Each structure stands twice: as structure tokens, then as C-alpha cells.
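Okay, so here's the structure we're looking at.
The values are calculated or read from the model by the stated rules, or taken from the named source; none is laboratory data. Remember, predicted model here, so these are calculated numbers, not experimental data. In this analysis, Cβ positions are derived from the backbone assuming ideal geometry, glycine residues included, and neighbour counts consider all displayed protein chains.
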Amino acid sequence: MDYFHGKRFLDTLPDWESGRPALGPLEDYLPRMRALLARLGNPQERFATLIVGGTNGKGTTSSLLAALLGRAGHRAGLYTSPHLHTWRERIQVEGQLLPRDTWAEGITFLYDQTRNFGAEGLGPFSKFEALTALAAHFFAWMQAEYGVFEVGLGGRYDATNAWDSRLAVLCTIGLDHVEVLGHSVEAIAADKFHISRPGRPLFTTAAQPPEVRQFLRRASRQQGVPLWEAGPEGVVGPGELLPYPFDPSSLPDRPRTFAENARLALGAASWLLGALPEGAAQATAAHRWPGRFETASQRPLVLLDGAHNPAAAQRLAEDLTGLAPRWTFLVGALRGHDTAGLLYALQPLARRMVLTASDHPRALRPEELAAHAPAGLRVETIPSGLRALRQLAAQLGPDEALCVTGSLSLVALAREFFDLPCEREGVSEDAALESLECLQLACQRRGLEWEFASANGHVLRLKRPGPPVYFLRNKHPFNNYVAARLAEDKGYQYELFSQAGVLMPATLQVFNPFADDRFNRYKTHPSIAAIAAEVEGRFSYPVLVKRYHSSLAQGVFLEHSRDTLCRRLQLLCENSGYLDNVLLIQEYVAGLEYRIVATQGELLLAYEKQGTPGGEDLNPLHQAGGQATQVEEEALLAPMRRLAGQVAGVLDLGFYAIDLIAGSRGLCLLEVNPNPFCFFYNRSNGREDFVRLYERLLQKFLP
């Protein structure tokens with residue numbers, strides 16, 4: 001299966017994080033995980049496992065430990081949860097996300113090996129169990145020496161605890177998930193202590209609450225677990241002290257918790273390796289774990305932190321005090337967390353408290369979150385996280401401070417809003433809904449009344465005499481239906497524009513050779529090998545492979561060799577829908593990429609897509625730091641106007657966009673989009689240009 005179908009398979013599995021927990025007794029969890037690993041050939045036996053549990057700080061500790069092992073020359077895998085932007089963040093090798101094709105191969109292997117898993121008699125495995133097994137599979141396949149596994153929830157029954165680890169780490173333990181783990185820190189510590197093994201070291205922090213520290217000392221003696229405690233002076237173990245070569249608390253702009261977590265990672269790495277590697281201090285100083293006390297802006301000061309329980313919020317508040325005396329807080333939370341305690345911890349610093357929600361399936365609505373606000377705390381609610389970020393960013397003065405916290409899903413939204421480096425799983429729903437936001441503002445300026453015609457807010461209807469006029473997300477009524485349908489099909493686009501003499505990349509249309517027999521009349525080649533042979537006879541590598549229908553650069557691939565081309569074609573053809581059988585293979589044209597926004601033959605707006613090359617999404621605007629820069633030079637606008645006129649001579653479109661490359665032969669048309677997005681342009685330039693553009697279109701087509 002391809003990456004999309006593989007992800008869809010994972011999304012069908014029971015998933016506690018999405019509110020669909022696995023059923024069956026807890027006693028079946030670890031046997032089920034062991035049965036799942038056995039189906040994959042027990043990959044966990046081919047590397048040394050290091051397991052990291054606790055309530056707060058697991059991600060920082062796990063990732064720094066993996067980085068220190070890498071600095072020592074060891075190939076280390078890292079498995080963490082949850083993720084911020086893409087599921088692929090959860091499994092890394094040598095600090096790198098795995099390519100989508102690698103994920104697709106791994107998920108296909110998992111799917112093939114677990115058919116009829118019900119015969120094991122342990123119930124269906126969950127998404128988290130599948131991801132844990134995939135991590136072990138990838139680490140073994142990529143010959144990792146170490147696999148660092150962050151515990152998901154608790155410890156005793158967690159999937160990461162289904163096999164023995166060389167050592168265990170317990171970060172700070174506090175009250176969280178009390179309905180599952182217990183209502184006291186001792187009960188929670190007892191559950192998490194199960195990740196340790198007799199005779200194998202357990203590292204913990206001297207900053208544990210006193211009752212937790214006392215419990216761990218007692219339980220370790222009883223179970224024969226060598227306990228190591230990481231304090232300010234060093235890591236104290238059975239009759240031994242491992243000193244730090246430097247003081248992590250001296251690093252600037254780091255919270256206190258970073259020093260505590262760094263000491264744990266340094267102590268565990270020192271025990272494993274016999275001594276810390278050269279450059280450990282530099283690796284620690286350079287280490288950042290996204291979404292944890294992360295600065296998104298300096299003026300105004302914007303800080304992002306995933307604190308989601310009272311203990312983490314209390315520590316966050318202590319660290320924020322050293323940066324600014326008063327803060328605006330933007331808070332979102334998920335069901336199952338102590339939101340009252342979280343808000344109470346932040347209250348003393350709050351100049352303004354704004355409550356909102358992310359798109360996470362377990363996100364609390366702002367009104368529900370407000371019901372847990374402590375007495376005396378004035379709160380505001382904004383339903384959409386993105387809308388809240390926009391409003392606060394516009395209102396903050398340069399000397400004010402904003403902290404986004406409460407849930408990692410809200411922090412992830414803020415990271416994308418502030419354009420921090422990340423690799424997105426795809427483009428959010430806000431990209432399509434941004435068009436309706438601009439349309440509403442344009443209607444207000446033109447004195448037009450409107451209403452939402454659907455419960456989900458995706459359909460907007462103008463209130464005016466005559467036939468009803470609808471807007472659906474980014475789709476609009478300004479285009480002729482047939483012309484718009486032709487423009488949506490890249491195959492027809494190429495034929496029509498080529499016939500009209502429009503400069504386009506040389507293109508080969510191919511039909512899926514595996515398609516059903518009813519499509520035999522359309523098939524262009526008997527096999528994948530035959531397609532590749534014709535491609536090599538017509539083009540030089542690299543070549544672009546496209547589905548004839550795709551959106552936002554999804555389904556567009558750059559291939560550099562016959563081998564990768566054949567693999568890509570095989571995947572696309574095997575996973576095509578019943579009526580989705582056309583592929584386009586194009587020559588690669590180097591040059592700057594632009595977009596024209598037009599109405600009929602008139603150019604309305606043009607901008608350059610600027611971004612950092614790299615990644616699997618080829619659109620520069622989808623890259624970290626991508627910017628849309630408006631074109632103002634007449635020497636470039638003049639040929640763009642001519643191109644808009646050429647397009648209008650082929651397809652009569654009332655509102656559309658043209659993507660093009662300024663190549664060695666001139667402006668080369670890549671494709672026409674009859675339903676353009678304004679999200680990426682607005683992210684760089686604000687909404688005003690597109691609001692005016694919609695005003696003009698409303699006046700032109702709906703006077």
C-alpha cells in the first residue's frame with residue numbers, strides 16, 4: 001500500500017488518543033503486544049532498548065539521550081509520543097524522520113504479517129501498539145544499536161514495556177491521567193515503576209516529589225533494581241557517583257526542567273558508554289525539543305510550551321516569571337486532564353487569559369474549559385485556535401508576552417502559525433476555510449448579507465433576490481462548470497493548452513496498466529517497465545510524476561532514477577482508485593516558481609513562492625519559512641498578463657490561479673487551479689489583498 005492508504009489503515013485501529021480505546025482486559029495488553037512483535041519476527045531482540053517513563057519531561061530526556069548516543073558514534077532510534085505535525089515524528093533514526101515511502105513499506109509489512117490476528121485470542125491491536133511494533137521493526141531493519149522508547153501512558157501495561165530494556169529512566173512524576181493510573185503520586189509511581197527490571201539500572205531525578213522518591217527507593221530495594229538519582233552534583237548510584245562534565249543549569253534561556261531532564265540523559269548515557277562522548281556539552285547546549293519552552297517570537301515575546309497538567313504548569317509559571325512579570329495566556333486542553341489545576345497554576349501571572357480549542361478529537365470546547373476556571377480568573381473564549389492566534393498576534397504590543405500552552409495540539413497549531421521549522425502531514429482545514437473568511441469580510445464591505453447553510457460552516461449562502469448563490473470552502477460560483485471541471489483534470493489541461501501553443505513542460509500521459517478490463521481501450525502501456533522505457537527515451541532525470549487530480553502538492557513526486565520511478569509508478573498504480581487511473585510524467589523545469597491569480601484574461605495578483613528546497617512536499621510555500629512575495633516588476637508582470645490571456649483563450653474561468661516556472665525558455669505553465677487557496681499568500685501578507693479581490697469578483701459576477 002502507499003503512504004496514504006497505510007496511514008488510513010493505522011487510523012482505523014483502536015486509538016486511546018482519539019477517544020477510541022482498545023477493548024478487553026488490561027491483562028491482555030502485554031501478551032497482545034508480544035504476539036504482535038512475534039508476527040514481525042521479534043525485531044526488538046536485534047538492538048538494545050532504553051525505556052523512558054514519567055509524567056513530565058519524557059520527550060526531552062528521550063531525544064537528548066538518543067542524541068548523546070549518536071554523538072558517541074552509535075546508531076540510535078527514537079520512539080516518542082505524541083507528535084506535533086506528522087505521525088512520522090514518532091519514529092526517528094539518527095535524528096531524522098523516515099521518508100513516506102519507507103513508512104509505506106513498513107506499514108505494508110505490518111499489515112501482511114498481522115492478517116487474521118484475531119486468531120491470537122487477545123483482541124485487535126491498537127494504533128499505539130502498531131506504532132510501537134513499527135518502531136521496533138524500523139530500528140532493526142535500519143540496524144540501530146539502541147532504541148530509545150518513550151512510554152505512552154503509565155508503565156505497567158504500556159506497549160513499550162512488553163519486553164526487557166537494558167535500562168529504565170523515570171522523569172518527574174506528578175498527577176496526570178488519574179482515572180487510569182491512580183489518584184495519588186505514590187499510586188502513579190507504582191504503575192510507572194513497572195518499566196524497571198531486577199538487576200538493571202533505573203535512573204530517576206532527585207527532583208522527584210519526596211513521597212515519590214521515598215517510594216522508588218523502597219521499591220528498588222525490594223525488587224533488586226539498582227537505583228541511580230540524578231541531582232545537581234552528579235548521578236548517585238549504588239556506592240558510586242557519576243559527575244557531570246558541565247552544569248546543564250548554566251545554559252541560557254532554558255527552563256529548570258531542562259536541566260533536570262538533561263542530567264537524567266547525561267547520567268544514563270554515561271552509564272551505558274562508560275564515559276560521555278566528546279562534544280556532549282555542545283550536543284546538550286544545541287538540543288531543542290519542539291513545543292517545549294520554545295520561543296516563537298522575541299518582540300513581542302511568544303513562548304510555546306506543552307504543559308498539560310498542574311505540575312508542569314506550575315513549573316512553567318515559575319520559569320515564565322523570570323522572563324516577564326505578566327503574560328497573556330492562550331490555553332487549550334484535552335479531555336481527561338486536570339484543567340482546573342492547570343489554570344490555577346497560571347492564574348498569578350495572567351494579564352489576560354484566552355481559552356480556545358485545537359482540532360484534536362479530544363479537545364475541550366472553550367466553554368467547557370471556562371467552566372473549570374478558578375474563582376477570580378477572568379477568561380475570554382475564542383472557538384478557533386487559529387482565529388485566536390490571529391487576534392492575539394494583531395493585538396500584542398512589542399513589549400508584551402504571550403504563552404501558548406495547555407496541549408501539544410494547540411502548540412502545534414501555534415508552531416505552524418508562527419512558521420517554525422516542521423514537516424507537516426498535510427495542509428490543515430484552515431487552508432480551505434480561509435477563503436470563506438475573506439469572502440465574509442468582502443461581503444461586509446459591499447453590504448451583502450450572508451448566512452452559513454451547513455452546520456459545519458463549510459457552505460456560505462448569499463442572501464439576495466433570485467437563484468441561490470453558494471460558496472463551498474474554497475470553491476466558488478464564478479466559473480463555468482465544464483471549464484472548471486476541465487481545469488481540474490491535469491491531463492485535459494495539458495492537451496488543451498499544448499494545442500493552443502502555451503509553453504508547458506513536456507508531458508507523457510500514461511494509463512494504469514493494472515486497471516480493470518473495462519478500461520482496456522485507454523491503456524497506453526502493457527507494464528510499468530514499458531512506461532519507464534518510454535520515459536527514458538523522451539526525458540532526462542529527474543522527472544515529475546503526478547496524479548491527474550491532486551491538491552496542495554499532494555500526489556506530486558520528483559524521481560531521480562529508473563529504479564525510483566518504477567517503484568513510484570508501481571505504488572501509484574497498485575493503490576489507484578477504480579476511476580483514478582491516469583498519471584502524468586513531466587520533464588523537470590528548473591527556475592523560480594510563481595502563482596498568478598486571475599479573472600478571465602485579467603491578472604489580479606502575482607506572487608513568487610519562496611521557500612527552502614528539500615522535503616517531500618515540492619511546493620515552496622509548504623516548506624518551513626515559505627513566503628509569498630508579491631511581484632511588482634513590470635518586466636515580469638507583462639509576460640504574466642500575456643499568459644493569463646492565453647489561458648483565457650482556452651478556458652473561460654471567472655476566478656482561477658496559474659502556477660508557473662520561470663525557466664530557461666521563459667514562463668512555463670505548470671497547471672491551472674480553478675479553486676485557488678488564499679491561505680498561504682495571506683499567511684505572508686495578511687488578508688487585505690484577497691478581501692479586495694473578492695470584493696471585485698462579487699461586483700463583477702454578482703452585481
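Kindly provide the set of residues from the stretch 66-124 that are without any contact (Cβ under 8 Å) to a residue 40 or more places away in the chain and of a type in the set (Lys, Arg), ordered by number. Once the filter is applied, which keeps residues that are without any contact (Cβ under 8 Å) to a residue 40 or more places away in the chain and of a type in the set (Lys, Arg), the stretch 66-124 yields only Arg115.
Among the numbered conditions (1) farther than 22 Å from Thr284 by Cα; (2) part of a loop (DSSP other than H, G, I, E, B), the only one that Ser81 does not meet is (1).
Residue-wise test of (1) among the β-branched types (Val, Ile, Thr); (2) under 23 Å from Glu380 (Cβ atoms).
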position	(1), (2)
Trp289	no, no
Glu294	no, no
Ser297	no, yes
Ala317	no, yes
Thr321	yes, yes
Pro325	no, yes
Phe329	no, yes
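One residue alone among Arg315, Arg213, Arg221 is over 27 Å from Ala76 (Cα atoms), not assigned by TED's automatic domain parsing to the domain that holds Val169 and not hydrophobic (A, V, I, L, M, F, W, C), and that residue is Arg315. Among residues of the stretch 385-414 being touching a residue at least 40 places away in the same chain (Cβ under 8 Å) and of a type in the set (S, T, N, Q), the one that is nearest to His85 (Cα to Cα) is Ser409.
What do you reckon, is Val650 aliphatic (A, V, I, L, M), surrounded by 21 or more Cβ atoms within 10 Å (Cβ to Cβ) and touching a residue at least 40 places away in the same chain (Cβ under 8 Å)? Spell out how you get there, then give the answer.
Numbers: aliphatic (A, V, I, L, M): yes; surrounded by 21 or more Cβ atoms within 10 Å (Cβ to Cβ): no; touching a residue at least 40 places away in the same chain (Cβ under 8 Å): yes.
So Val650 fails the test.
Selection over the stretch 472-504 of residues that are within 14 Å of Gly654 (Cα to Cα) and of a type in the set (Phe, Trp, Tyr) gives a count of 2.
Only one of the numbered conditions (1) surrounded by fewer than 19 Cβ atoms within 10 Å (Cβ to Cβ); (2) of a type in the set (A, V, I, L, M); (3) touching a helix residue (DSSP H, G or I) at 6+ places or on another chain (Cβ under 6 Å) is not met by Ala635, and that is (3).
Determine, yes or no, whether Thr160 is buried (at least 20 other Cβ atoms within 10 Å of the Cβ), under 23 Å from the mean Cα position of the chain (by Cα) and not small (Gly, Ala, Ser). Here the answer is yes, as Thr160 does meet what is asked. For the stretch 561-583, a residue qualifies if it is modelled with pLDDT under 95 and either part of a loop (DSSP other than H, G, I, E, B) or farther than 22 Å from Thr108 by Cβ (or both), and the qualifying residues are Asn575, Ser576, Gly577, Tyr578, Leu579, Asp580, Asn581, Val582.
Out of the residues in the stretch 154-177 that are assigned to a loop (DSSP other than H, G, I, E, B) and in contact with a Pro (Cβ under 9 Å, 6 or more places away or on another chain), which is farthest from Ala230 (Cα to Cα)? Talk me through it step by step, then tell me what you get.
Initial filter on the stretch 154-177 (assigned to a loop (DSSP other than H, G, I, E, B)): 154-158, 162-166, 171, 173-177.
Checking which are in contact with a Pro (Cβ under 9 Å, 6 or more places away or on another chain) leaves us with 162, 166, 173-176.
Values: Ala162: 26, Arg166: 18, Ile173: 14, Gly174: 17, Leu175: 21, Asp176: 23 Å.
Residue satisfying both the conditions and the ranking: Ala162.
The single condition from (1) farther than 30 Å from Gly645 by Cα; (2) surrounded by fewer than 21 Cβ atoms within 10 Å (Cβ to Cβ) that Leu569 fails is (2).
Among the residues in the stretch 282-301, are any touching a Cys at 6+ places or on another chain (Cβ under 6 Å), surrounded by 14 or more Cβ atoms within 10 Å (Cβ to Cβ) and not assigned by TED's automatic domain parsing to the domain that holds His85? No, that holds for no residue. Of all residues in the stretch 575-606, those being farther than 21 Å from Val556 by Cα and buried (at least 19 other Cβ atoms within 10 Å of the Cβ) number 6.
Condition (residue is at positive phi and either at pLDDT 95 or above or more than 25 Å from the chain's Cα centre (by Cα) (or both)) applied to the stretch 40-53: is it met by at least one residue? Scanning the stretch 40-53 turns up at least one residue that is at positive phi and either at pLDDT 95 or above or more than 25 Å from the chain's Cα centre (by Cα) (or both). Considering the stretch 482-513, the residues that are among the aromatic types (Phe, Trp, Tyr) and modelled with pLDDT under 95 include one that is surrounded by the fewest Cβ atoms within 10 Å (Cβ to Cβ), namely Tyr492. Ala350 meets each of the listed conditions (1) over 25 Å from Asn682 (Cα atoms); (2) touching a Gly at 6+ places or on another chain (Cβ under 7 Å) apart from (2). Exactly one residue out of Tyr656, Tyr594, Tyr578 is hydroxyl-bearing (Ser, Thr, Tyr) and within 30 Å of Phe514 (Cα to Cα): that is Tyr578. For a quick check of your reading of the model, give me the residue pairs whose first member lies in the stretch 578-589 and is without any contact (Cβ under 8 Å) to a residue 12 or more places away in the chain, whose second is hydroxyl-bearing (Ser, Thr, Tyr) and crowded, with 16+ Cβ neighbours inside 10 Å, with beta-carbon atoms closer than 9 Å and at least 6 apart or on different chains. Matching pairs, first to second residue: none at all.
Conditions first: (1) closer than 27 Å to Leu181 by Cα; (2) outside any helix (DSSP H, G or I); (3) of a type outside the set (Val, Ile, Thr). Arg352 passes all but one, so which condition is the exception? All conditions are met except number (1).
Is it true that some residue in the stretch 405-415 is of a type in the set (D, E, K, R), within 17 Å of Leu304 (Cα to Cα) and buried (at least 20 other Cβ atoms within 10 Å of the Cβ)? Taking every residue of the stretch 405-415 in turn, at least one turns out to be of a type in the set (D, E, K, R), within 17 Å of Leu304 (Cα to Cα) and buried (at least 20 other Cβ atoms within 10 Å of the Cβ). In this entry, Pro620 passes the filter for residues that are under 26 Å from Cys438 (Cα atoms) and modelled with pLDDT under 95.
Considered as a group, the residues in the stretch 118-153 that are under 24 Å from the mean Cα position of the chain (by Cα), in a loop (DSSP other than H, G, I, E, B) and among the small types (Gly, Ala, Ser) include one that is farthest from Pro25 (Cα to Cα), and that residue is Gly152.
So in the stretch 307-329, with the set limited to residues that are over 24 Å from the mean Cα position of the chain (by Cα) and assigned to a loop (DSSP other than H, G, I, E, B), which one is surrounded by the most Cβ atoms within 10 Å (Cβ to Cβ)? For the stretch 307-329, the residue satisfying everything is Ala324. What's the number of the only condition in (1) of a type in the set (Gly, Ala, Ser); (2) over 24 Å from the mean Cα position of the chain (by Cα); (3) closer than 29 Å to Gln395 by Cβ that Ala281 fails to meet? Against the list (1) of a type in the set (Gly, Ala, Ser); (2) over 24 Å from the mean Cα position of the chain (by Cα); (3) closer than 29 Å to Gln395 by Cβ, Ala281 comes up short only on (3).
Out of Phe138, Phe149, Phe125, one residue alone is of a type in the set (Phe, Trp, Tyr) and out of contact with any Phe, Trp or Tyr (no Cβ under 7 Å at 6 or more places or on another chain). It is Phe138. Restricting attention to the stretch 45-78, the residues that are among the small types (Gly, Ala, Ser), under 18 Å from Arg292 (Cβ atoms) and not in a loop (DSSP other than H, G, I, E, B) total 6.
Considering (1) at negative phi; (2) surrounded by fewer than 21 Cβ atoms within 10 Å (Cβ to Cβ), the lone condition that Thr172 does not fulfil carries the number (2).
On the stretch given as the stretch 195-243, residues that are closer than 16 Å to Gly274 by Cα, of a type in the set (D, E, K, R) and either touching a Leu at 6+ places or on another chain (Cβ under 9 Å) or modelled with pLDDT of 95 or more (or both) total 1.
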